[in-house]
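So the structure is just underneath, and the comments pick up after that.
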Amino acid sequence: MILERQNVLNLKKLRSQLGGLENRPAINELAKLIKMSQLYQSGQREISTKLENLDAEFQVNYDYNPIHHMESRMKDMQSLLQKAERKGYDLTAESIQKNIYDIAGIRVITNYLDDIYSVEKMLTHQTDVTLLRRKDYIKHPKASGYRSLHLIVKVPVFQSTGPVDVPVEIQIRTVGMDMWASLEHKLRYKTDANQALVDKYGDKLHDYSDELEKIERGMQEIHKDLI
Ligand code: GTP
Ligand code: MG
């Protein structure tokens, strides 16, 4: 059910990832960055497990799964350090942990719109999960037409020395929103922001986002009538 996109980081992998970076962090920070990465991956697993458990319970109680599938990704060290550099943060584990919240990310793809908010509620009501930030791009879509619910939560990870709170970014969206976002991402990022293509398809994609919303609402009504 979970598509793991990356495995555990070690010093060798980290060195090769940092090849193209202008300002490499001090060598004594590398070990700290590796520990940080491991810690965040654990936080990601804690949240993924909670979501899997909720989905499994739903299946038993209601014969229905709100979650279609999940994807998890760790921001690779190169893009993490590039982001820190871009935003003017120190290239240390401490500064990165303090300022960047999307090191560990989980994307939850739901079947229907209402499932987005029930997944949010079930997760954030858990006593060890704390909501740090919430952006509802469904009620307030981005100018591009992008829709999704973005949450940043923190969860304790129990290490050998005690618990450490770890932030995890969660994007929750329907199958339709996910399909739209993948295509739009391709248009904006994968084509090296080819302006001619953005001009050609940008408005059309925006319209499709609105249409998809209508279709998804309609299908949800039918689904409600069937259960
Ligand atoms: P960052 O520091 O850049 O992460 O800013 P932020 O946390 O304010 O980011 P935001 O909430 O805008 O969204 C971050 C993520 O949402 C991106 O990495 C994308 O995965 C997704 N996203 C946001 N806007 C768009 C969009 O217009 N199109 C697509 N396809 N994805 C988007
Ligand atoms: Mg982000």
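What the table shows:
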quantity: DSSP-loop trypsin sites (Lys or Arg not before Pro) across segment 39-83, with at most 13 other Cβ within 10 angstrom; calculated: none
quantity: Dipole in debye (nearest 20) - the chain, about Cα centre, beta carbon charges: Lys, Arg +1; Asp, Glu -1; calculated: 960
quantity: For residue 132, residues with placed amide H under 5 Å, excluding near neighbours; calculated: 152, 153, 154
quantity: Amide H contacts under 5 Å for residue 65, placed H, 5+ residues apart; calculated: none
quantity: Hydrodynamic radius (Kirkwood) for the chain, which is based on Cα pairs only, to one decimal in Å; calculated: 19.3
quantity: Helical contribution to [θ] at 222 nm, DSSP H n ≥ 4, -39,500 (n - 2.57), averaged over the chain, rounded to 500; calculated: -17000 deg cm²/dmol
quantity: Segment 145-227: translational diffusion in µm²/s, Stokes-Einstein, Kirkwood Rh over Cα pairs, 10 °C, 1.306 mPa s; calculated: 101
quantity: Point-to-point label distance, residue 132-residue 117, nm (Cα→Cβ direction, 7 Å offset); calculated: 2.6
quantity: Partners for residue 32 among lysines (Cα-Cα distance below 28 Å; same-chain residues under 8 apart left out); calculated: 12, 13, 50, 75, 83, 87, 98, 154
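Only the coordinates and a few stated rules stand behind these numbers; no lab work does. Here the structure is a predicted model, which is why all the values come from computation and not from measurement. Using ideal geometry, Cβ is built from the backbone for each residue, glycine included, and neighbour counts are taken over all protein chains shown.
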